[in-house]
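Engineer: The following block contains the structure, expressed as structure tokens.
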Amino acid sequence: MTSKNWSGNYEYRATKIESPGSIEELQHVVSASDRIKALGSRHSFNDVADSPATQVSLTRLPAIFEVDADSRTVTVGGGLRFGEFAQRLSDGGWALHNLASLPHISVAGAIATGTHGSGDRNGTLPTAVAALEFVTATGESRRLVRGDTGFDGAVVSLGALGVVTAVSLDIEPTFDVRQDVFENLGWAELREHFDEITSSAYSVSVFTLWGDVGGTTVWLKSRLDGDTTAADRDDLFGAVRQTTELHPLPGGPSANATQQSGVPGPWWDRLAHFRMGFTPSAGEELQTEYLVPREHAVAAIDAMRALGPAMAPYLLISEIRTMRADDLWLSPAYGHDTVGLHFTWTQEEAVFGLLPAIDAALAPFRGRPHWGKVFDIDSSRLDSLYPRLADFRGLAEQMDPSGKFRNAYLDRTIFAG
Ligand SMILES: Cc1cc2nc3c(=O)[nH]c(=O)nc-3n(C[C@H](O)[C@H](O)[C@H](O)COP(=O)(O)OP(=O)(O)OC[C@H]3O[C@@H](n4cnc5c(N)ncnc54)[C@H](O)[C@@H]3O)c2cc1C
């Protein structure tokens with residue numbers, strides 16, 4: 001059996017994929033397996049979702065979608081993709097606080113790796129999790145609710161604690177968003193006005209190729225029920241308002257991207273960059289991202305600019321985003337407001353040769369690699385980057401004493417210490 005991840009750069013080594021049709025069947029599959037790992041929508045770029053034996057997909061489980069207006073939560077099946085329920089949620093009058101760049105990813109898979117969107121005041125996607133339901137190593141179902149012991153460790157779990165069958169997410173009344181794009185932001189302006197730029201809309205993305213002149217584009221996603229002053233401006237610190245529709249990757253098909261040019265639309269059709277039903281990003285690609293404490297944003301950007309010429313032959317686009325601090329043990333934003341420095345690469349072996357230099361350049365700023373993308377880090381540094389990593393290991397050993405959900409990725413990273 002051969003099966004690959006979404007971008008085709010990684011071939012899973014698992015010898016079997018199970019797709020149970022009911023929770024009872026899933027419980028049986030898990031309890032009967034020696035080694036098993038949940039598989040989401042396969043959008044990670046490394047072996048995080050692989051298993052030495054069996055992968056289990058939730059796509060055949062009955063879909064769960066339950067809104068609870070009193071607790072302001074929606075409970076969805078772990079295997080559901082954001083794009084499969086976001087519009088329905090909105091039609092019912094509700095919204096999630098944020099989305100990643102694409103709605104194609106599964107909820108459980110996204111929260112397992114600490115996936116995030118952007119916005120100075122927006123937490124990562126896992127911060128919206130109010131409760132989780134797992135099938136644990138023994139095949140029993142277990143529910144963890146925000147505030148329970150271990151909950152903060154169990155949300156960003158890398159699939160190491162069990163199979164997440166249902167996730168309750170915080171919701172708020174639905175809102176509309178407009179996207180406005182400004183081109184050719186100068187480096188001096190970005191460095192000098194970094195805080196003003198990232199706070200100038202609800203969600204801000206800075207796209208760049210790290211070159212000396214031009215090519216740096218800012219996407220502002222403004223809530224219509226919030227402050228849209230920035231969206232109404234003609235320029236953004238010298239960057240000029242773009243009037244045609246764009247794709248985040250230079251020259252990419254704008255039809256694949258959510259609408260810009262200041263046209264208002266529902267949150268689910270603006271907060272993501274890419275539209276469901278279309279290929280997001282490039283497709284055949286690699287991705288890397290480092291998350292650095294916000295206080296080091298400008299210094300970390302300078303460090304990446306210095307690597308610009310070395311990265312240029314393989315770089316399709318970079319994106320700079322922000323997120324607020326959280327308390328989730330393995331979250332990229334654990335403990336401090338955070339800036340994400342992201343790289344979309346061509347799918348070439350040479351990219352892996354660049355990864356140690358990126359890691360070394362961001363190490364002084366305590367950069368944390370995105371769990372779902374390609375990176376090269378000395379795992380012995382992870383304990384100092386994640387102060388609760390030892391507690392996470394303890395939680396994993398308690399919930400999965402025989403290491404049923406372990407794989408080569410977890411052995412190499414989390415359990416290497
Ligand atoms: C084009 C593209 C754009 C992206 N944009 C962003 C972005 O904007 N922001 C960002 O932060 N990341 C981004 N990513 C990365 C992506 O969000 C993560 O890799 C995410 O984990 C993918 O979710 P998935 O459902 O495909 O999970 P998979 O890759 O299938 O699995 C990831 C992890 O989740 C675990 N898992 C999956 N399902 C379950 C379950 N039911 N129970 C327990 N564990 C489970 C797996 O075991 C594995 O450890 C992007 C990726 C792509 C390909």
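Engineer: Mind checking which residues of the range 9-48 are free of Cβ contacts under 8 Å to residues at least 60 places away in the same chain, of a type in the set (S, T, Y) and within 29 Å of H370 (Cβ to Cβ)?
Structural biologist: Y10, Y12, T15, S19
Engineer: Being surrounded by 19 or more Cβ atoms within 10 Å (Cβ to Cβ) and more than 24 Å from the chain's Cα centre (by Cα): is that true of A257 here?
Structural biologist: On the way: surrounded by 19 or more Cβ atoms within 10 Å (Cβ to Cβ): yes; more than 24 Å from the chain's Cα centre (by Cα): no.
Criteria not met by A257.
Engineer: Of the residues R146, R60, only one is within 14 Å of the ligand (Cβ to nearest atom), more than 24 Å from G265 (Cα to Cα), surrounded by fewer than 18 Cβ atoms within 10 Å (Cβ to Cβ) and not assigned by TED's automatic domain parsing to the domain that holds D269; which?
Structural biologist: Numbers: R146 fails: within 14 Å of the ligand (Cβ to nearest atom).
After ruling out the rest, the residue left standing is R60.
Engineer: So which residues in the range 181-192 are closer than 15 Å to V339 by Cα and either touching a Gly at 6+ places or on another chain (Cβ under 8 Å) or surrounded by fewer than 16 Cβ atoms within 10 Å (Cβ to Cβ) (or both), if there are any at all? Explain how you work it out, then say what you get.
Structural biologist: Within the range 181-192, the subset closer than 15 Å to V339 by Cα is 190-191.
Passing the criteria: only R191.
Engineer: Name the strands (runs of 3 or more DSSP E) wholly inside the range 235-331 in which the number of residues that are within 11 Å of the ligand (Cβ to nearest atom) is 3 or more. Spell out how you get there, then give the answer.
Structural biologist: On the way: elements: 239-241, 286-293, 315-323.
Once the strands (runs of 3 or more DSSP E) in the range 235-331 are filtered for at least 3 residues that are within 11 Å of the ligand (Cβ to nearest atom), what remains is 286-293, 315-323.
Engineer: Show me the strands (runs of 3 or more DSSP E) entirely contained within the range 151-213 in which 1 or more residues are of a type in the set (F, W, Y).
Structural biologist: 176-183, 203-208
Engineer: Looking at the range 315-337 only, could you name the residues that are without any contact (Cβ under 8 Å) to a residue 60 or more places away in the chain and surrounded by 18 or more Cβ atoms within 10 Å (Cβ to Cβ)?
Structural biologist: Of everything in the range 315-337, just one residue is without any contact (Cβ under 8 Å) to a residue 60 or more places away in the chain and surrounded by 18 or more Cβ atoms within 10 Å (Cβ to Cβ), namely Y334.
Engineer: Follow-up question, since we're still on this one. For the range 335-347, name all the residues that are over 14 Å from the mean Cα position of the chain (by Cα) and either part of a strand (DSSP E or B) or not polar (S, T, N, Q) (or both).
Structural biologist: If we filter the range 335-347 for residues that are over 14 Å from the mean Cα position of the chain (by Cα), which is where we start, we get 335-337, 345-347.
Matches in the range 335-347: G335, H336, D337, W345.
Engineer: Looking at (1) closer than 17 Å to V163 by Cα; (2) assigned to a helix (DSSP H, G or I), which one does R142 not meet, given that it meets all the others?
Structural biologist: Here R142 clears every test but (2).
Engineer: Let me spell it out: the conditions are (1) more than 14 Å from the ligand (Cβ to nearest atom); (2) under 29 Å from S90 (Cβ atoms); (3) surrounded by 14 or more Cβ atoms within 10 Å (Cβ to Cβ), and S41 meets all of them except one. Which number is the exception?
Structural biologist: (1)
Engineer: Being surrounded by fewer than 23 Cβ atoms within 10 Å (Cβ to Cβ), within 14 Å of L209 (Cβ to Cβ) and touching a residue at least 24 places away in the same chain (Cβ under 8 Å) narrows it down to one residue among A310, A350; which is it?
Structural biologist: Of the residues listed, the single one that is surrounded by fewer than 23 Cβ atoms within 10 Å (Cβ to Cβ), within 14 Å of L209 (Cβ to Cβ) and touching a residue at least 24 places away in the same chain (Cβ under 8 Å) is A310.
Engineer: Hey, among T113, T54, which residue is closer than 24 Å to F278 by Cβ and either modelled with pLDDT of 95 or more or of a type in the set (D, E) (or both)?
Structural biologist: T113
Engineer: Go through the residues of the range 117-124 one by one and say whether even a single one is touching a residue at least 24 places away in the same chain (Cβ under 8 Å), surrounded by 24 or more Cβ atoms within 10 Å (Cβ to Cβ) and within 7 Å of the ligand (Cβ to nearest atom).
Structural biologist: Within the range 117-124, one or more residues are touching a residue at least 24 places away in the same chain (Cβ under 8 Å), surrounded by 24 or more Cβ atoms within 10 Å (Cβ to Cβ) and within 7 Å of the ligand (Cβ to nearest atom).
Engineer: Could you pull out the residue among V351, V339 that is away from the ligand (no atom under 14 Å from the Cβ) and of a type in the set (V, I, T)?
Structural biologist: V351
The values are calculated or read from the model by the stated rules, or taken from the named source; none is laboratory data. Since we're looking at a predicted model, the values are computed, not measured. All Cβ positions, even for glycine, are placed from backbone atoms using ideal geometry, and neighbour counts span all protein chains on display.
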